[in-house]
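Trainee: For reference, the structure I am asking about is given below.
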Amino acid sequence: MQLTCGTRLLDLCTPAIMAVLNTTPDSFSDGGLFYHQGRLQRDAALARAEALLKDGAAIIDVGGESTRPGAIAPSSQEEMDRVLPVVEAICANLDVIVSVDTSNPTLMTEACALGAGMLNDVRALTRTGALEAAAQTGLPVCLMHMQGDPSSMQAAPQYSRVEREVRDFFYDRLAACKAAGIGPERLILDPGIGFGKTDAHNLALFEHMNQFVDLGCPVLVGVSRKSMIGRLLGRELPDRLAGSLAFAAVAMLRGAKILRVHDVAATLDIIRVIDLTHSQSQWSIRRGA
Ligand code: 7PM
């Protein structure tokens, strides 16, 4: 399994790590890291990207809109002013796939022109003009499921069967993408852990992960440091690492191919151990060793 990400190839035989690089002044776990006196420090963001790459990230996901529950969206220009300088600096200096975490069609187009290799849209290309802009870039797109929008999504999430609704949503978006000229070979599916879901909904999505994997596109899971871990385990930040790693391990064992995380080195260790004990031994059994 391989994705063509602009000029780079992403190999997904073993899961790849997508590292979070947040350029918002206010994200819940890592915001404001690259701000000094209210100004974005692009060199600090580039240094962080370099460290994430050294730790083993295959993809660096640059976002400028905080989608934390209750968050108010920044203006389109504000979001572009945060994200584009960082995308430009990483693309010009590092050998890594840059993904842009955005729903904004203009930002998709401009980030692609600067060398971005992937689009990550928590609104699954539902904004006006997003399908067309994404199609034009030729880049792979991650389609994430969200119920509602960030300002209100955690108020009262409701589903009859969450895994069925998410799967039906993927069918709809796969069809919309196909009609816009984005084939399934360019798509990544993400159940959107924490986006308009209760803890029970999130756990059901983990339980039924295989249903999403069976659709044939690589599945991406982002659970790192999320508040569900806080509630389930009684852990505030910064004590959510073990919970995050355990969820990442479960996601990988159920077939997820891209893990969106903050703690790259630790996540790579769990991927390697699972790979060594799992696929390696299966390979050697098949080989008769
Ligand atoms: C609160 C909740 C604050 C969630 C920040 C977040 C995902 C994503 C984000 C995800 C994909 C975070 C998130 N989460 N994109 N963007 N999948 N594809 O943890 O789960 O950074 S924002």
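The values are calculated or read from the model by the stated rules, or taken from the named source; none is laboratory data. None of the values given here were measured: they were computed from a predicted structure. Methodologically, a virtual Cβ is constructed for each residue, glycine included, from the backbone with ideal geometry; neighbour enumeration extends over all protein chains shown. Heavy atoms of the whole protein, side chains included, go into the accessibility calculation; ligands, DNA and RNA do not. Shrake-Rupley method; radii C 1.70, N 1.55, O 1.52, S 1.80 Å.
Trainee: So which residues in the range 174-211 are outside any loop (DSSP other than H, G, I, E, B) and within 13 Å of the ligand (Cβ to nearest atom), if there are any at all?
Mentor: Within the range 174-211, LEU187, ILE188, LEU189, ASP190, ASN202, LEU205, PHE206 qualify.
Trainee: Further question: Sort out which residues of the range 75-86 are free of Cβ contacts under 8 Å to residues at least 40 places away in the same chain and either within 16 Å of the ligand (Cβ to nearest atom) or in contact with a strand residue (DSSP E or B) (Cβ under 6 Å, 6 or more places away or on another chain) (or both), and write them in order of number.
Mentor: GLU79
Trainee: Which numbered condition in (1) surrounded by 15 or more Cβ atoms within 10 Å (Cβ to Cβ); (2) under 16 Å from ARG161 (Cα atoms); (3) of a type in the set (D, E, K, R) is the only one that GLU207 fails?
Mentor: The failed condition is (1).
Trainee: Regarding the range 55-74, can at least one residue be identified that is at negative phi, open to solvent by 30 Å² or more (accessible area, probe 1.4 Å), among the charged types (D, E, K, R) and away from the ligand (no atom under 14 Å from the Cβ)?
Mentor: The answer is yes, given that some residue of the range 55-74 is at negative phi, open to solvent by 30 Å² or more (accessible area, probe 1.4 Å), among the charged types (D, E, K, R) and away from the ligand (no atom under 14 Å from the Cβ).
Trainee: For the range 87-110, how many residues meet the condition of being more than 15 Å from the ligand (Cβ to nearest atom) and either under 13 Å from the mean Cα position of the chain (by Cα) or open to solvent by less than 40 Å² (accessible area, probe 1.4 Å) (or both)?
Mentor: Qualifying residue count for the region: 7.
Trainee: Right, here's the next one. Within the range 1-19, how many residues are open to solvent by 10 Å² or more (accessible area, probe 1.4 Å) and either part of a strand (DSSP E or B) or at pLDDT 95 or above (or both)?
Mentor: Total satisfying the criteria: 10.
Trainee: Moving on to the next point. I need the full set of residues from the range 20-32 which are within 13 Å of the ligand (Cβ to nearest atom) and modelled with pLDDT under 95, in order please.
Mentor: Answer for the range 20-32, where residues must be within 13 Å of the ligand (Cβ to nearest atom) and modelled with pLDDT under 95: ASN22, THR23, THR24, ASP26, SER27, PHE28, SER29, ASP30, GLY31.
Trainee: Taking the range 59-77, which residues are assigned to a loop (DSSP other than H, G, I, E, B) and either within 28 Å of THR7 (Cβ to Cβ) or at pLDDT 95 or above (or both)?
Mentor: Result: GLY64, GLU65.
Trainee: Which of the residues that make up the range 212-235 are within 14 Å of the ligand (Cβ to nearest atom) and not hydrophobic (A, V, I, L, M, F, W, C)?
Mentor: Listed by number, the residues that qualify are PRO218, GLY222, SER224, ARG225, LYS226, SER227, GLY230, ARG231.
Trainee: May I ask you to list the residues in the range 124-144 that are within 15 Å of the ligand (Cβ to nearest atom) and crowded, with 18+ Cβ neighbours inside 10 Å?
Mentor: ALA124, LEU125, ALA130, ALA134, LEU139, PRO140, VAL141, CYS142, LEU143, MET144
Trainee: Now for a different question. Quick check on GLU165: is it open to solvent by 10 Å² or more (accessible area, probe 1.4 Å) and within 21 Å of GLN154 (Cβ to Cβ)?
Mentor: Yes.
Trainee: Here's another thing I want to ask about it. Among (1) open to solvent by less than 50 Å² (accessible area, probe 1.4 Å); (2) part of a loop (DSSP other than H, G, I, E, B), which single condition is VAL221 missing?
Mentor: It is condition (2) that VAL221 fails.
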